[in-house]
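Peer 1: Once you've had a glance at the structure underneath, I'll fire off some questions.
The values are calculated or read from the model by the stated rules, or taken from the named source; none is laboratory data. Predicted model only: the values in this text are computed from it and were never measured. Cβ atoms come from the backbone with ideal geometry, glycine included; neighbour counts cover every protein chain shown. Surface areas here come from the heavy atoms of the whole protein model, side chains and all, with no ligands, DNA or RNA. Shrake-Rupley method; radii C 1.70, N 1.55, O 1.52, S 1.80 Å.
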There are 2 protein chains.
Amino acid sequence: MQSYTEENYLKIIYHLSEISNPVLTNAIAERIQTKAASVTDMIKKLSDKELVNYVKYQGVTLTEKGKTTAINIVRKHRLWEVFLVDKLNFKWDEVHDVAEELEHIQSNLLVERLDEFLDFPRVDPHGDPIPDKNGNFAELAFIKLSKLKPTDKGTITGVSEHSSTFLKHLEKLGLTLGKRIEIIEVLEFDGSVELLVESQKTNISREVAKHILITKN
Amino acid sequence: MQSYTEENYLKIIYHLSEISNPVLTNAIAERIQTKAASVTDMIKKLSDKELVNYVKYQGVTLTEKGKTTAINIVRKHRLWEVFLVDKLNFKWDEVHDVAEELEHIQSNLLVERLDEFLDFPRVDPHGDPIPDKNGNFAELAFIKLSKLKPTDKGTITGVSEHSSTFLKHLEKLGLTLGKRIEIIEVLEFDGSVELLVESQKTNISREVAKHILITKN
DNA sequence: TTCATTATTTAGACAAATCTAAAAATTTAT
DNA sequence: ATAAATTTTTAGATTTGTCTAAATAATGAA
């Protein structure tokens, strides 16, 4: 059994390792709102418990055991978010902090019953996928952003062009992995797309739209 | 803001002071599964925060502030129990430990929305009363279900017949402790009652109705 | 490659909540 | 009323998670 704090570290390491692996001490410190020295201390502890692999100065990766634990926390977090939005009428931007607490409640029965009660949702209110009880994420079909129509909503789940100029361009527009988008208009004459990212209107060319992969939901 | 541990102490002191006031150190130690010395330490801390009145060797009583906090935790605990039983199909004897964790989630919005979602229950699955958001316990006057009229609403808070055949019958009809009911019709010729339980219409005989105790609200 | 900068770790300290063992107060029994 | 038993408190130690400041390693630039 892990403490509340250990669980939080595992979760953060899990999220950060989707961006870069291994995960560096400073990256964790920034995300968890703490000091690098504290992170080092905790990493040592997690390493002793064989939840992470740790090489001094090189960063950490999750072990299988650590990954399983982390995914379970993510599962709980996202299920609770669905509950809050679908059942208690929270807005999708009001749920995070409460889910952050609820994700640490220890009861497998609770999680499974909640999943059932919510009718086994595949994504949370932000469009992020919810792993099943075995830690598997459903295959979410990728669609090119250029195939979407006005009012379509989805989550950016990939790109089909990996040049750094392209990625930097997306970064600048705020079109990063995991962001929710909504199509406002597709302009006839050049196929450029007007869309909404985090309540911000943006316009991207058809060329760019073709290389952004979306999961509709 | 109180810590998880402080909240637990306040809750236990609240419960124990219904039996004897002031509450003695050893009584707390026993209930909270800890040592008397630890209790003394914590009581001093709670006293500094003006959540309890403490006289060495004499025991503690809750201040108004402490009592308000304690009642709010009891409120949350019991609402979560209703949620677990009514919505997630937990059995009434499976809910305590999970509710013990859920009661510490910090979010007024969550509690109020949950209360609403559960249709403002007045008692938990064990029949214990649930205080409202101002900390007031409803006056729980028992009325026989057979005395109610169409459109009357209430909560099942007891029975006046304890044979297992009767209880099993009620169980089958979904007429269990804590359930909200609404009277639809009382039939003239046999006095049988048509009522609504969780959006389900049910009909019970006058004999059965006489032995179900209701709290109107 | 050497110096400067940045990132990470170590060492030592602190607050919260707990514990054990000993001391002090209270209660009970004779 | 005094001794014995019980309860409660104090003193000092421990664990968890954190911190600051200093030391060390890695990285980047000239």
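Peer 1: Can you find a residue that is aromatic (Phe, Trp, Tyr) and farther than 30 Å from B:ILE73 by Cβ anywhere in the range B:160-171?
Peer 2: The answer is yes; a qualifying residue exists.
Peer 1: Taking B:ILE105 as meeting all but one of (1) within 16 Å of DNA strand C (Cβ to nearest atom); (2) within 30 Å of A:LEU114 (Cβ to Cβ), write down the number of the exception.
Peer 2: Going through (1) within 16 Å of DNA strand C (Cβ to nearest atom); (2) within 30 Å of A:LEU114 (Cβ to Cβ) one by one, B:ILE105 breaks only (1).
Peer 1: With the range B:170-217 as the region, which strands (runs of 3 or more DSSP E) entirely inside it contain at least 3 residues that are within 10 Å of B:LEU145 (Cα to Cα) and open to solvent by less than 30 Å² (accessible area, probe 1.4 Å)?
Peer 2: Correct list: B:212-216.
Peer 1: Taking A:LEU79 as the residue in question, decide whether it is within 14 Å of chain B (Cβ to nearest Cβ) and closer than 25 Å to A:ARG180 by Cβ.
Peer 2: Here the answer is yes, as A:LEU79 does meet what is asked.
Peer 1: Look at the range B:29-59 and say how many of its residues are near DNA strand D (Cβ under 8 Å from one of its atoms) and either among the hydrophobic types (A, V, I, L, M, F, W, C) or touching a residue at least 40 places away in the same chain (Cβ under 8 Å) (or both).
Peer 2: Counting residues in the range B:29-59 that are near DNA strand D (Cβ under 8 Å from one of its atoms) and either among the hydrophobic types (A, V, I, L, M, F, W, C) or touching a residue at least 40 places away in the same chain (Cβ under 8 Å) (or both) gives 6.
Peer 1: May I pose another question? If I filter the range A:134-142 for residues that are charged (D, E, K, R), out of contact with any Phe, Trp or Tyr (no Cβ under 9 Å at 6 or more places or on another chain), part of a loop (DSSP other than H, G, I, E, B) and modelled with pLDDT of 85 or more, do I get at least one hit?
Peer 2: No - not one qualifying residue is present in the range A:134-142.
Peer 1: Residues to consider are A:LYS45, A:LYS35, A:LYS56; find the one that is over 26 Å from B:SER107 (Cα atoms), loosely packed, with under 13 Cβ neighbours inside 10 Å, within 15 Å of DNA strand C (Cβ to nearest atom) and modelled with pLDDT of 95 or more.
Peer 2: Just one listed residue meets the conditions, A:LYS35.
Peer 1: Scan the range A:59-75 for residues that are assigned to a helix (DSSP H, G or I) and either within 16 Å of DNA strand C (Cβ to nearest atom) or open to solvent by 10 Å² or more (accessible area, probe 1.4 Å) (or both) and report the count.
Peer 2: 7
Peer 1: State all residues of the range B:104-125 that are of a type in the set (Val, Ile, Thr) and within 13 Å of chain A (Cβ to nearest Cβ); if no residue qualifies, say none.
Peer 2: B:ILE105, B:VAL111
Peer 1: From the list A:GLU18, A:GLU64, exactly one residue is at pLDDT below 95 and either in contact with a His (Cβ under 6 Å, 6 or more places away or on another chain) or among the charged types (D, E, K, R) (or both). Which is it?
Peer 2: Only one candidate qualifies: A:GLU18.
Peer 1: Please verify whether B:LYS65 is more than 14 Å from chain A (Cβ to nearest Cβ) and either aromatic (Phe, Trp, Tyr) or more than 12 Å from DNA strand D (Cβ to nearest atom) (or both), treating the condition exactly as stated.
Peer 2: Yes.
Peer 1: Which one is farthest from B:ASP124 (Cα to Cα) among residues in the range B:78-88 that are assigned to a helix (DSSP H, G or I) and free of Cβ contacts under 8 Å to residues at least 60 places away in the same chain? Spell out the reasoning first.
Peer 2: Keep residues of the range B:78-88 that are assigned to a helix (DSSP H, G or I), which gives B:78-87.
Retained after the next criterion (residues that are free of Cβ contacts under 8 Å to residues at least 60 places away in the same chain): B:78-81, B:83-84, B:87.
Numbers: B:ARG78: 5, B:LEU79: 7, B:TRP80: 9, B:GLU81: 6, B:PHE83: 9, B:LEU84: 10, B:LYS87: 13 Å.
Of everything passing the filter in the range B:78-88, B:LYS87 is farthest from B:ASP124 (Cα to Cα).
Peer 1: Now for a separate question. Within the range A:108-130, can one find any residue that is outside any strand (DSSP E or B), in contact with a helix residue (DSSP H, G or I) (Cβ under 7 Å, 6 or more places away or on another chain) and among the basic types (Lys, Arg)?
Peer 2: Within the range A:108-130, not a single residue is outside any strand (DSSP E or B), in contact with a helix residue (DSSP H, G or I) (Cβ under 7 Å, 6 or more places away or on another chain) and among the basic types (Lys, Arg).
Peer 1: If we scan the range A:107-117, do we find a residue that is free of Cβ contacts under 8 Å to residues at least 40 places away in the same chain and over 25 Å from B:LYS87 (Cβ atoms)?
Peer 2: no
Peer 1: Which numbered condition trips up B:ASP86, out of (1) among the acidic types (Asp, Glu); (2) open to solvent by 60 Å² or more (accessible area, probe 1.4 Å); (3) at negative phi?
Peer 2: (2)
Peer 1: Does the range A:1-13 include one or more residues that are at pLDDT below 95, within 14 Å of another protein chain (Cβ to nearest Cβ) and within 15 Å of DNA strand D (Cβ to nearest atom)?
Peer 2: Looking through the range A:1-13, at least one residue is at pLDDT below 95, within 14 Å of another protein chain (Cβ to nearest Cβ) and within 15 Å of DNA strand D (Cβ to nearest atom).
Peer 1: Also: Condition first: more than 8 Å from chain A (Cβ to nearest Cβ) and in a loop (DSSP other than H, G, I, E, B). Now tell me which residues in the range B:89-103 satisfy that.
Peer 2: Scanning the range B:89-103 gives B:LYS91, B:TRP92, B:ASP93, B:VAL95, B:GLU103.
Peer 1: Can you pull out the residues in the range B:5-20 that are open to solvent by 50 Å² or more (accessible area, probe 1.4 Å) and either touching a Gly at 6+ places or on another chain (Cβ under 8 Å) or aliphatic (A, V, I, L, M) (or both)?
Peer 2: Within the range B:5-20, B:ILE19 is the sole residue that qualifies.
Peer 1: Determine if the range B:139-151 includes at least one residue that is among the aromatic types (Phe, Trp, Tyr), open to solvent by 50 Å² or more (accessible area, probe 1.4 Å) and over 30 Å from B:GLU6 (Cα atoms). Walk me through how you get there before you give the answer.
Peer 2: Here is the first cut: in the range B:139-151, the ones among the aromatic types (Phe, Trp, Tyr) are B:142.
With open to solvent by 50 Å² or more (accessible area, probe 1.4 Å) added as a condition, the list becomes B:142.
Right, trim to over 30 Å from B:GLU6 (Cα atoms) and you get B:142.
Yes, the range B:139-151 has at least one match.
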